[in-house]
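As structure tokens, the structure follows; a few thoughts come after it.
The values are calculated or read from the model by the stated rules, or taken from the named source; none is laboratory data. What you see is a predicted model, and the numbers here were worked out from it, not measured in a lab. Ideal geometry is used to build each Cβ from the backbone, glycine not excepted, and the neighbour counts take in all protein chains shown.
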Amino acid sequence: MPYEYTVTPSKNTGDDRILSLAQIDDKAPVSSTGLVDKRLFSGENKLHAIKDPENNFWYLKYEMGSLPEVLKHSRYTTFGRLFKHAEDYFSKRNIKIVEVID
């Protein structure tokens, strides 16, 4: 069951949010290059959703390492759109977003 993103006044208001990831049903993650950073599941590496204060577009960034190309160059007008794209991308790779940390 995918995580449903909802806006509430007390949550998810920051311009730097962490998307917490987990493997679906303990299946091995799949990627086109065969490389998925295992530290994303242990918390040693984190996926950030960041809002650029200059143009108000959202983008994704790992704390360590490089994002896959399809995520690296994408910009989103709302956090909801970013979340939906990330959720779709990762679900195809046996990875789910389990939490949004503000």
Q: Scan the stretch 88-102 residue by residue and report those that are among the basic types (Lys, Arg) and either under 10 Å from the mean Cα position of the chain (by Cα) or part of a strand (DSSP E or B) (or both).
A: Lys96
**Q.** Among residues of the stretch 64-77, those that are surrounded by fewer than 14 Cβ atoms within 10 Å (Cβ to Cβ) and modelled with pLDDT of 95 or more, counted
**A.** 2
